[in-house]
Amino acid sequence: MDQSPKSSPVLAGIALFGAGLLIRQWQPDALRLPEPENKKRLDRGLSRAARKSRDGLAMILPSNLTGSIGRSLMVMGAGLLALRALDFLADDNERLY
């Protein structure tokens, strides 16, 4: 039998959301991606393929990885809070949490 308090998911959601906000604000230089150079290169073969792959991947990644981690934590926290709020509205027999 589970003896956890009914407020546990709410507290966990608030903690996740708060941690996400803090991590998003903290952006250390060690996790910052370098800016690409804008000069033309005349390379061929494997080094050209590696450079093009790296540049394509850098366009998808955020400029600082802590922003992505913080955003994920905020979404998880908000989702947990929304789930708990909707669970309060559900019937007592159908509650998940």
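The values are calculated or read from the model by the stated rules, or taken from the named source; none is laboratory data. Remember, it's a predicted structure, so these values are computed and weren't measured experimentally. Don't worry about glycine lacking a Cβ; one is built from the backbone with ideal geometry, like all the others, and counts go over all protein chains shown. Just so you know, the surface numbers come from the protein's heavy atoms only, side chains and all, with ligands and any DNA or RNA stripped out. Shrake-Rupley method; radii C 1.70, N 1.55, O 1.52, S 1.80 Å.
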>> Of all residues being surrounded by 11 or more Cβ atoms within 10 Å (Cβ to Cβ) and at pLDDT 65 or above in segment 27-49, which is nearest to Gly77 (Cα to Cα)? Just the residue, please.
In response: Gln27
> Within the set of pairs 6 or more residues apart or between chains, which connect a residue that is at negative phi and outside any loop (DSSP other than H, G, I, E, B) inside segment 80-94 to a residue that is of a type in the set (A, V, I, L, M, F, W, C) and at pLDDT below 85 with Cβ atoms less than 9 Å apart?
Replying inline: Leu83/Leu96; Asp87/Leu96
> Which residues, counting only those in segment 54-90, are within 17 Å of Gln25 (Cβ to Cβ) and open to solvent by less than 30 Å² (accessible area, probe 1.4 Å)?
Replying inline: Asn64, Thr66, Gly67, Gly70, Gly77
